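Colleague: Below is one structure. I have some questions about it.
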Amino acid sequence: MIAAILSLTILGAALGLILGIAGRFLAVESNPFVDEVEALLPGTNCGQCGFPGCSGAAAAIAAGSAPASCCPPGGKTTAVAIAEKMGLALDLAAVADTGPKLATIAEDLCIGCCRCIKNCPTDAILGAPKQIHNVLKEACTGCSACIDHCPTEALVMQPVPITLQHWVMPKPLAA
């Protein structure tokens, strides 16, 4: 018994050491500017921008082939942050920012087809076939990738409810 534990421990340590060394010597260098732009994006990898995930969008924005406002879930705040990072002038007339929204499911319309679950990039929708689904508000990023796939239109985007964790005191009006 001790010989088996000892041999597996030595094998694990040796393979871990080999992987650590290989990770240092075979590491692929990436553009640090693309990494910084990708950090500003929401990270949902929803594909609404037309690129394969947030890393593809960040590479296109850094290369100049996509505008800073190409991310619909990010909204105006993300577009402004990217434009400031790149030193670009930004036209926000085409960007519609309705504030943060979350997907909600109308239980009386849900038939449990599971099409929305397959299209959620963050796995925020819970449910089983032929059962009512539910959305985890903590995991939903508001990308609305699930909305178009619901055949009964049970999914809708609603503003984030104001709770004690989200409430912000409004600025006082000038007298």
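The values are calculated or read from the model by the stated rules, or taken from the named source; none is laboratory data. Just so you know, these numbers come straight off a predicted model, no measurement behind them. Every residue, glycine among them, receives a Cβ derived from its backbone with ideal geometry; neighbour counts consider all protein chains shown.
Residues are listed down the side, and each one gets a yes or a no for (1) in contact (Cβ under 8 Å) with a residue 24 or more places away in the chain; (2) touching a strand residue (DSSP E or B) at 6+ places or on another chain (Cβ under 8 Å):
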position	(1), (2)
LEU109	yes, no
ALA128	no, no
HIS133	yes, yes
ALA139	no, no
CYS143	yes, no
THR152	yes, no
MET157	yes, yes
GLN165	no, no
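Colleague: All but one of (1) part of a loop (DSSP other than H, G, I, E, B); (2) in contact with a Ser or Thr (Cβ under 6 Å, 6 or more places away or on another chain); (3) surrounded by 14 or more Cβ atoms within 10 Å (Cβ to Cβ) hold for MET157; state the number of the condition that does not hold.
Modeller: If we test MET157 against (1) part of a loop (DSSP other than H, G, I, E, B); (2) in contact with a Ser or Thr (Cβ under 6 Å, 6 or more places away or on another chain); (3) surrounded by 14 or more Cβ atoms within 10 Å (Cβ to Cβ), just (1) comes out false.
Colleague: Sticking with this structure for a sec: For region 21-37, how many residues are surrounded by 10 or more Cβ atoms within 10 Å (Cβ to Cβ) and either in contact with a strand residue (DSSP E or B) (Cβ under 7 Å, 6 or more places away or on another chain) or among the aliphatic types (A, V, I, L, M) (or both)?
Modeller: Number satisfying all stated conditions: 4.
Colleague: How many residues does region 72-125 contain that are in a loop (DSSP other than H, G, I, E, B) and at pLDDT 85 or above?
Modeller: Adding up the residues that qualify gives 13.
Colleague: Testing ALA66 on (1) loosely packed, with under 14 Cβ neighbours inside 10 Å; (2) more than 16 Å from the chain's Cα centre (by Cα), one condition comes back false. Which one is that?
Modeller: Condition (1) is where ALA66 drops out.
Colleague: Another question, then. Please go through region 12-37 and give me each residue that is in a helix (DSSP H, G or I) and under 30 Å from ALA79 (Cβ atoms), ordered by number.
Modeller: Once the filter is applied, which keeps residues that are in a helix (DSSP H, G or I) and under 30 Å from ALA79 (Cβ atoms), region 12-37 yields PRO32, PHE33, VAL34, ASP35, GLU36, VAL37.
Colleague: Moving on to the next point. Looking for something within 22 Å of the chain's Cα centre (by Cα) and within 15 Å of CYS46 (Cβ to Cβ) - is there at least one such residue anywhere in region 79-97?
Modeller: No, because not a single residue in region 79-97 is within 22 Å of the chain's Cα centre (by Cα) and within 15 Å of CYS46 (Cβ to Cβ).
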